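Pasting in a structure now, in structure tokens, and then I'll have a few things to ask.
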Amino acid sequence: MPLKVFITGASSGIGEALARQYAAVGATLGLAARRAPQLQAIADSLSTPVSIYALDVADSAALAAAAQDFITRHGVPDIVIANAGISAGTRGWKAEDIAVLAKIMHINVIGLAATLQPFAAPMRARGSGALVGIASVAGFRGMPGAGAYCASKSAVIAWLESLRVELHGCGVDVLTICPGFIATPLTAANRNPMPFLLTAADAAQRIARAIAAKKRLAVIPWQMRLASVFLRRMPNWLYDRAFARAPRKTREPAA
């Protein structure tokens, strides 16, 4: 039976690439994002059943309504991928960046939780399914100039881990995907070095494989996994010295 997959942040970048990845194997898709025209264009280009939902993941009620509509139309999905997210360069000592921090945390953390929550009970009742959150290697250490983004992805990793333990044994898998640098609109303005950069299509293939393998925590690509292990084990005093002079992400509005 064809897969049923619901994806947020599906109008570009990793979300669009994941939609195309699953459409290629005949999956029925639910695609959610803020930009209706882009969603419609993607849906029109796919030869598989697609329901689109123009919404902002900051709107929990809209997410719940979209989830109910998808379940009514197509049944409980096999995979839900909470992919929507925003980023911005910040400086923790600037008062005006508190508002940026609040916005990033709301979209990246609350929005992710609000995406997965409406599907959790129906999946538990069925006894199967995968709730997938797109985190980031940025969630493993606090990077200078990216405190808000790093904090949000660290919170995502911890929240998904808690959810995984809460749902243990009920048949529902909770999977955390931590990509490194992916060539998307989110990274297009990044002036800093981006080692092991992947295309969105390549990243989507690797993410789909990790989901199929039910990887509880997957870091993509493997080179970034090795780098993240090294960074996580680095003593704090050494990390502070090594990164105190590292390039900062340019300050910009969260988008």
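If packing is taken as the mean number of other Cβ atoms within 10 Å per residue, what is the order of 121-128, 219-226, 145-152, highest first?
Going by the mean number of other Cβ atoms within 10 Å, highest first, we get 145-152, 219-226, 121-128.
Further, regarding this structure: Going highest first, how would you order 105-117, 66-78 by mean Cβ packing within 10 Å?
105-117, 66-78
Amide H to amide H, which residues 5 or more places from G89 or on other chains are under 5 Å from it, using H placed in the peptide plane?
For G89, the qualifying residues are E252.
Let me ask you something else. With labels modelled as points extended 7 Å from the Cα through the Cβ direction, what inter-label distance (nm, one decimal) is found for A201 paired with A65?
3.6
In deg cm²/dmol, rounded to 500, what helix-only [θ] at 222 nm does the chain give when every DSSP H run of at least 4 residues adds -39500 (n - 2.57) and the total is split over its residues?
That comes out to -14000 deg cm²/dmol.
Under unit Cβ charges (Lys, Arg +1; Asp, Glu -1), what dipole magnitude, rounded to 20 debye, does the chain have relative to its Cα centre?
Charge dipole, the chain, about its Cα centre: 840 debye, nearest 20.
Would you mind ranking V174, V229 so that the residue whose beta carbon has the fewest other beta carbons within 10 Å leads the list?
Least to most surrounded, the residues fall as V229, V174.
Highest mean first, what order results for 90-102, 27-39 on Cβ atoms within 10 Å?
Final packing ranking: 27-39, 90-102.
Work out Dmax and Rg for the stretch 57-117 from the C-alpha atoms and quote the Rg first, both in angstrom.
Spelled out, the Cα radius of gyration and Dmax of the stretch 57-117 are 14.8, 48 Å.
Moving on. Does anything in the stretch 72-93 have its amide N under 17 Å from the 7 Å Cα→Cβ label point of Q40, and if so which residues?
none
Separation between the E161 and A125 pseudo-spin-labels, each 7 Å from Cα along Cα→Cβ, expressed in nm?
For E161 paired with A125, the spin-label model returns 3.2 nm.
Let me ask something else about it. Report the full-extension gain for the segment W222 to L3: residue separation times 0.36 nm, less the Cα-Cα distance, to one decimal in nm.
Using 0.36 nm per residue and subtracting the Cα-Cα distance, I get 76.2 nm.
Follow-up question, since we're still on this one. What Rg and what Dmax come out for the chain when only alpha-carbon atoms are used, in angstroms?
For the chain, the Cα-based Rg and Dmax read 17.8, 55 Å.
Suppose R0 equals 45 Å; then what is the FRET efficiency for R241 and A212 from their Cβ-Cβ distance, rounded to the nearest 0.05?
0.65
Could you state the orientation-averaged shadow area of the convex hull built on the Cα atoms of the stretch 96-192, in nm² to one decimal?
Computed as one quarter of the Cα hull surface, the answer is 6.9 nm².
Every number here is computed from the coordinates shown, using simple stated rules; none is lab data. Bear in mind the structure is a predicted one, so any value in this text is a computation, not a measurement. Positions of Cβ are backbone-derived with ideal geometry, glycine not excepted, and every protein chain shown enters the neighbour counts.
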